[in-house]
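The values are calculated or read from the model by the stated rules, or taken from the named source; none is laboratory data. The model shown is predicted, which means the values in this text are computed figures rather than measured ones. We place every Cβ from the backbone using ideal geometry, glycine too, and count neighbours over all the protein chains shown.
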Amino acid sequence: MEYPALTRNNLMGTELQQLLLEEVQKHCDFLRPKFKGPLPQWDAKLGYFFKVVFLGNNLAVEFTLDERDEDISCYISRVINGQPVAYFAIDPQGRRVRGRLSTLLLARGIRSRLFTRVTSLPLKDRIPIVIGDYARMLKTYGQMVLDDCPEFLDVEE
């Protein structure tokens, strides 16, 4: 499958953002065809922040890269009107609408080691490992996500 290239012509992404997109494509193709994507998103105001989204009918899987904080994350969010919800974690009605995949799995009782130790590695070397870890989490513990079941977010953290 041909994926959109992240280049200066269409997204003005950095080398690390290109790497994130490539690794998400490599590790997370199993999310398709149930989820639409990967959909790269870049905000000119936050040039250091980049997101790759897989969009389902009820849930979105969002892989994020914050180059400033050197953070790679995976969030699960509710989809409303065909888009991931705009609220970060809790909506005005007090309902969870987004959460980190690893935190949600812990809240669901998963106690296995979820991440490979990468603290001493540079960000460029951590990206493939962490994206691989998130893909493994989804495959091993995320059946509700893979089934596009919004109740996955209904947890107490």
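Of all residues in region 53-70, none are of a type in the set (Ser, Thr, Tyr) and at pLDDT below 90. The C-beta contact set for region 22-46 (first residue among the aliphatic types (A, V, I, L, M), second residue part of a helix (DSSP H, G or I) and crowded, with 22+ Cβ neighbours inside 10 Å, distance under 7 angstrom, 6+ apart or interchain) comprises Val24/Ile131. Of the residues screened, Gly94 is not one that is more than 20 Å from Lys34 (Cβ to Cβ) and either hydroxyl-bearing (Ser, Thr, Tyr) or touching a residue at least 60 places away in the same chain (Cβ under 8 Å) (or both). Any residue that is in a helix (DSSP H, G or I), in contact with a Gly (Cβ under 9 Å, 6 or more places away or on another chain), closer than 14 Å to Asn58 by Cβ and in contact (Cβ under 8 Å) with a residue 40 or more places away in the chain - is there at least one of those in region 131-145? Within region 131-145, one or more residues are in a helix (DSSP H, G or I), in contact with a Gly (Cβ under 9 Å, 6 or more places away or on another chain), closer than 14 Å to Asn58 by Cβ and in contact (Cβ under 8 Å) with a residue 40 or more places away in the chain.
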